[in-house]
Amino acid sequence: MIFNISGRKPNPKTDEELIAEFNSTGDLDLLGKLYTTYMPLVYGVCLKYLKDRDESKDAVMQIFEKIITEIPKQSIGNFRGWLYVVTKNFCLMHLRSMKSQNEKLTEWAADPVVFMENSSGLHPIDEDGEEMEKDLSDCIKRLKDEQAECIRLFYYENRCYSEIATLLKIDEKKVKSHLQNAKKKS
């Protein structure tokens, strides 16, 4: 530790001095030194908004990466206040993004086409039993001819939409429509 003549520890560089030096040199060690001082603040804000320790730790690192490019673009008078706002905005954008992803996933899962095509365990054909087979056969007999044929080809012969469309000489969208309508009726 270096002491000046009065025996007191010399004043460390201010936030503004570290920022100015980082802007002129691009030295990440300087920025790291500055950021390390405020990491508890950043982590605390992240934890407040994200409510997850691991996500908050990841966010602390992502925010550091973000400020590397943001600091040179900004005129920062109060680094602590500026960093708080950057952190808060980062968390809000992250939450908004997660909400959007969850809404898209929910919407996707609710799509009847996705549900039909990817939920093979829910198809009656996959269930065992003679009675189930008889019930299925009765349901199929009550369908229109094209719907019944689409069901037979899709579930019993494991044909894809394009194969069914080619065999029946109809559009693929019509095949999907017949399958959906047949399921609704049965």
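Data table
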| quantity | calculated |
| --- | --- |
| Whichever residue in the stretch 22-34 is without any contact (Cβ under 8 Å) to a residue 40 or more places away in the chain and assigned to a helix (DSSP H, G or I) and, among such residues, is surrounded by the most Cβ atoms within 10 Å (Cβ to Cβ) | Leu30 |
| Number of the exception - Trp82 against (1) closer than 18 Å to Leu179 by Cβ; (2) at pLDDT 70 or above | (1) |
| Any helices (runs of 4 or more DSSP H) falling wholly within the stretch 91-154 and containing at least 3 residues that are of a type outside the set (D, E, K, R), at pLDDT 80 or above and within 16 Å of His178 (Cα to Cα) | 145-151 |
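Yes or no, residue by residue, for (1) farther than 23 Å from Ile19 by Cβ; (2) surrounded by 13 or more Cβ atoms within 10 Å (Cβ to Cβ); (3) not β-branched (Val, Ile, Thr):
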residue	(1), (2), (3)
Cys46	no, yes, yes
Glu55	yes, yes, yes
Trp82	no, yes, yes
Thr87	no, yes, no
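The values are calculated or read from the model by the stated rules, or taken from the named source; none is laboratory data. Values in this document were obtained by computation on a predicted structure and should not be read as measured data. Quick reminder, even Gly has a Cβ in these numbers, built from the backbone with ideal geometry, and neighbours come from all protein chains shown.
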